[in-house]
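In what follows, a structure is listed as structure tokens, so that the remarks can point back to it.
The values are calculated or read from the model by the stated rules, or taken from the named source; none is laboratory data. These numbers come from a predicted model, not from an experiment. Counting neighbours? That spans all protein chains shown, and the Cβs are built from the backbone with ideal geometry, glycine included.
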Amino acid sequence: MDRLDAAPASICQGDPMRTVARSILLLSLLSASAAVLAAGQTRAGLWEMTMKSDAMKNMPKIAPEQMEQMRKMGINVPQMQDGGMVTKVCISQEMAERDEPPPMEDKASGCQTKNFQRNGGSYSMDIVCDGPQMQGAGKARGTFSGNTSFTSTYDFKGTMHGQPISQHHETSGKWLGADCGGIKPIGDLMPKK
């Protein structure tokens, strides 16, 4: 199983809000990245994804030094704006040729994708969290317009650090081109077990 654990642990050490923010960010990236791979006819190359959520409005800012540390690791750090984030994701040719997204898991939150289903240009998958920080279940659904754009929603209900949470995310993505430039394929950030 592949793992998505892109942010260094030092980003959230000692600050529960940073841990919550990191979990929300990773779940958003997890569902959006899986969405790009879900169509089976996905184009390889650079994708821009815009994710919006009320939860993102309250996320604490990550220090510039920590952002730079993430960039040096090859992580494309998203831009936060208007209660959402915009990020670029590189999809390799191998990833684009898969019939479904790889199973993904965020080790820190204990969340993973399950029950992927595709019907034509639409898809759905469950996101189940059963870790020490986060418990609950969510559903991601999306629709592709050809192989160059998509829209998706993600809803999650559960608890985070013992507090009830209910999240709704909306994501849209568009293919920018075949050349990813310096952005590493998302699969390179998900080391094998």
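Taking the conditions exactly as written (aliphatic (A, V, I, L, M), in contact with a Leu (Cβ under 8 Å, 6 or more places away or on another chain) and at pLDDT 85 or above), does LEU176 satisfy them or not?
yes
Working only within the range 117-129, note down all residues that are of a type outside the set (Gly, Ala, Ser), within 11 Å of GLY142 (Cβ to Cβ) and surrounded by fewer than 21 Cβ atoms within 10 Å (Cβ to Cβ).
If the condition is that a residue be of a type outside the set (Gly, Ala, Ser), within 11 Å of GLY142 (Cβ to Cβ) and surrounded by fewer than 21 Cβ atoms within 10 Å (Cβ to Cβ), then ARG118 is the only one that fits.
Say whether the condition of being over 16 Å from MET51 (Cβ atoms), touching a Leu at 6+ places or on another chain (Cβ under 7 Å) and not in a strand (DSSP E or B) is met by at least one residue in the range 146-165. Explain how you work it out, then say what you get.
In the first step, residues of the range 146-165 are kept if they are over 16 Å from MET51 (Cβ atoms); the result is 146-148, 157-165.
Still in the running and touching a Leu at 6+ places or on another chain (Cβ under 7 Å): none.
So far as the range 146-165 goes, no, none of its residues is over 16 Å from MET51 (Cβ atoms), touching a Leu at 6+ places or on another chain (Cβ under 7 Å) and not in a strand (DSSP E or B).
Test each condition in (1) at pLDDT 85 or above; (2) closer than 20 Å to PRO185 by Cβ; (3) exposed (fewer than 13 other Cβ atoms within 10 Å of the Cβ) for THR148 and report the one that comes out false.
(3)
With LYS114, LYS88 as the choices, which residue is closer than 19 Å to SER53 by Cα, modelled with pLDDT of 80 or more and surrounded by fewer than 22 Cβ atoms within 10 Å (Cβ to Cβ)?
None of the others qualify; the one that does is LYS88.
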